[in-house]
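The values are calculated or read from the model by the stated rules, or taken from the named source; none is laboratory data. In this text, all values refer to a predicted model and were calculated from it rather than measured experimentally. FYI the Cβ positions are ideal-geometry reconstructions off the backbone, even for glycines, and counts take in every protein chain you see.
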Amino acid sequence: MSGVILDPITSPEAIMANLQRLNEALTALQGGSIAISQIVGYEDLVTETEMSEEVKKLQDEVNKLKIPVGGRYYSSSDKNPKELFGYGTWTLVSSGRVEIGAGTTTDSRNEKKSFSGGQTGGEFQHILSVDQIPSE
């Protein structure tokens with residue numbers, strides 16, 4: 001092996017190609033058929049810190065795609081999602097309530113009911129009136 005030239009890191013493919021070349025160079029170094037001075041291009045490689053920072057940026061961008069603006073994040077934690085995901089302004093929308101999807105549905109009694117987006121209803125406690133008590 002006469003030498004190893006590393007490409008600038010411009011894509012995942014370039015990283016893989018460089019890793020392959022470095023692996024071959026390491027094998028050659030261990031066998032004594034190449035000297036470290038014959039590896040060209042390592043000066044342009046990123047440091048571990050730089051790579052970690054770039055990976056963190058990419059993770060942040062991926063997280064933004066997971067829960068887009070207007071999306072819902074459900075959790076049993078009271079921690080602000082911004083602390084978890086590092087972005088956005090989050091609003092608690094259903095504290096102490098149960099969300100119901102918009103649309104029309106039929107229950108087990110064959111009763112149909114329609115719900116629109118943002119509709120609220122229900123109560124925490126209900127006392128039956130005489131008319132609501134089933135008769136035999």
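Of the residues contained in region 109-131, one or more are found to be surrounded by 10 or more Cβ atoms within 10 Å (Cβ to Cβ) and either over 30 Å from residue 9 (Cα atoms) or modelled with pLDDT of 85 or more (or both). Which of the residues that make up region 59-73 are aliphatic (A, V, I, L, M) and surrounded by 10 or more Cβ atoms within 10 Å (Cβ to Cβ)? The one that is aliphatic (A, V, I, L, M) and surrounded by 10 or more Cβ atoms within 10 Å (Cβ to Cβ): 67. Filtering region 74-92 to residues that are at pLDDT below 80 and surrounded by fewer than 10 Cβ atoms within 10 Å (Cβ to Cβ) leaves nothing. When restricted to residues that are at pLDDT below 75 and outside any helix (DSSP H, G or I), region 47-69 contains 1.
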